[in-house]
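Notes follow once the structure below has been shown.
The values are calculated or read from the model by the stated rules, or taken from the named source; none is laboratory data. Bear in mind the structure is a predicted one, so any value in this text is a computation, not a measurement. Virtual Cβ from ideal backbone geometry, glycine too; neighbours counted across all protein chains shown.
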């Protein structure tokens, strides 16, 4: 069968799946993208659109001298659809890249639906398909909320118990319900108006707030669930359990935020970030939670300026499923036991929207290359993408945990230098290596 008659199968229309489909189509592949929505929704998804963002609208720092900013720049250089959508639908968020979630997902959906090489089938694939002559390669991009049936199928294939951790969603509040006579607008250390709304707390208010969180009713975990949270996305009540002052060194840190009513920093601050371009909705930054809905309303309305807050979405908790990549994955993202099967997104053991998308991008490139009878490619170790791949496939299996991109995953720079210059050097080295790699893969 001629390679032009073959198609690439992608299961999952989230960030990783849509990015993989886009990359494969750009490389001349016919792609069949299976997405279960709107027939079936996961516990955290509500929109029928592809690439739905769930727990935040922020894609984090956009500075290229930060690890995540560098990863985004690499993705832009590689023609990322998700990065294109983010640029088209971004909302003010200081130095971060944040988007209007509805417009972001709509942009991606329209692009995928309008691509002649991509066929979308709205159905639920409940188990990993076997390779067929007309569809010899499959990309599994079912995300952190992979269904129980698909998880069982993946478990049978790997022969190991899959791992899971739990991620919590922050509430979203309606802007009109906020008291702007108390809440002030500022970004940390900025002189201008800033992109965040800040709810100030004095010491007594903070201590009372922490006490109520401690006493509040939480949503119990199911019998099969374990208390295993990703450190970068802890529920607010878990932070409090680690010590009453912990939130003041995390999401409630007041440093660099001056209350205009007093001219000084307050004891603690809750920051709110725009959820959409119109500024009608705001996300409670760092307030992922598993408090019951009733307790969320009661306690979060104790926050100064939020006494009459109306919530368009309350926080919740959900399971994230991932494999032990060092045991199961090749650096090309192919399964060791089944090289025709490529994994993409958070199920591989990366954490974060940007990281998930980046892995989808590489999966799409390698899926296309395999379909065309070419060898898969692996990005240079010096790049952010290459560093993520190393984390997924070359780590110690017994200590493997999901990770965001960070400079600790990168190869050493080889010499000591002041911390403020390291990010720039990492970025310079990475982008040079990426340019050489792109030229190499484009030539063969």
Count of residues meeting criterion [part of a loop (DSSP other than H, G, I, E, B) and surrounded by 10 or more Cβ atoms within 10 Å (Cβ to Cβ)] in the range 411-421: 3
Residue satisfying all of: in the range 371-385; surrounded by fewer than 20 Cβ atoms within 10 Å (Cβ to Cβ) and in contact (Cβ under 8 Å) with a residue 60 or more places away in the chain; nearest to residue 19 (Cα to Cα) among these: 377
Here the residues within the range 394-410 that are more than 13 Å from residue 327 (Cα to Cα) and loosely packed, with under 12 Cβ neighbours inside 10 Å are 408
Of 106, 90, the only residue that is in contact with a strand residue (DSSP E or B) (Cβ under 8 Å, 6 or more places away or on another chain) and either over 20 Å from residue 344 (Cβ atoms) or surrounded by 15 or more Cβ atoms within 10 Å (Cβ to Cβ) (or both) is 90
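Yes/no per residue for (1) touching a helix residue (DSSP H, G or I) at 6+ places or on another chain (Cβ under 9 Å); (2) closer than 27 Å to residue 220 by Cα; (3) in a helix (DSSP H, G or I):
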site	(1), (2), (3)
240	yes, yes, yes
252	yes, yes, no
256	no, no, no
262	no, no, no
278	yes, no, no
When the range 135-155 is examined, which residues are found to be modelled with pLDDT of 95 or more and either more than 23 Å from the chain's Cα centre (by Cα) or more than 24 Å from residue 370 (Cα to Cα) (or both)? 135, 136, 137
Condition (residue is modelled with pLDDT under 95 and in a loop (DSSP other than H, G, I, E, B)) applied to the range 178-186: is it met by at least one residue? yes
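Do we find that residue 120 is in contact with a strand residue (DSSP E or B) (Cβ under 9 Å, 6 or more places away or on another chain), more than 30 Å from residue 193 (Cβ to Cβ) and surrounded by fewer than 23 Cβ atoms within 10 Å (Cβ to Cβ) in this structure?
Yes.
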Search the range 187-223 for residues being under 25 Å from the mean Cα position of the chain (by Cα) and in a loop (DSSP other than H, G, I, E, B), and hand back the single one that is modelled with the lowest pLDDT. 222
When only residues in the range 53-70 that are in a loop (DSSP other than H, G, I, E, B) and within 11 Å of the chain's Cα centre (by Cα) count, which is surrounded by the fewest Cβ atoms within 10 Å (Cβ to Cβ)? 55
Can you name the condition, by its number, that residue 85 falls short on among (1) in a loop (DSSP other than H, G, I, E, B); (2) farther than 22 Å from residue 373 by Cα? (1)
Every residue from the range 280-298 that is within 24 Å of residue 214 (Cα to Cα) and not in a loop (DSSP other than H, G, I, E, B): 283, 284, 291, 293, 294, 295, 296, 297, 298
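Residue 270: surrounded by 12 or more Cβ atoms within 10 Å (Cβ to Cβ), closer than 30 Å to residue 103 by Cα and in contact (Cβ under 8 Å) with a residue 40 or more places away in the chain, yes or no?
Considered against the rule, which asks whether it is surrounded by 12 or more Cβ atoms within 10 Å (Cβ to Cβ), closer than 30 Å to residue 103 by Cα and in contact (Cβ under 8 Å) with a residue 40 or more places away in the chain, residue 270 comes out as yes.
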Screening 21, 63, 51 for residues that are more than 22 Å from residue 284 (Cβ to Cβ), without any contact (Cβ under 8 Å) to a residue 60 or more places away in the chain and touching a helix residue (DSSP H, G or I) at 6+ places or on another chain (Cβ under 8 Å) leaves only 51
Return the residues of the range 265-276 that are modelled with pLDDT of 95 or more and not in a loop (DSSP other than H, G, I, E, B); say none if nothing qualifies. 268, 269, 270, 271, 272
Residue satisfying all of: in the range 373-394; assigned to a helix (DSSP H, G or I) and out of contact with any strand residue (DSSP E or B) (no Cβ under 8 Å at 6 or more places or on another chain); farthest from residue 331 (Cα to Cα) among these: 384
If residue 308 satisfies all but one of (1) at pLDDT 95 or above; (2) buried (at least 19 other Cβ atoms within 10 Å of the Cβ); (3) under 28 Å from residue 53 (Cβ atoms), what's the number of the condition it fails? (2)
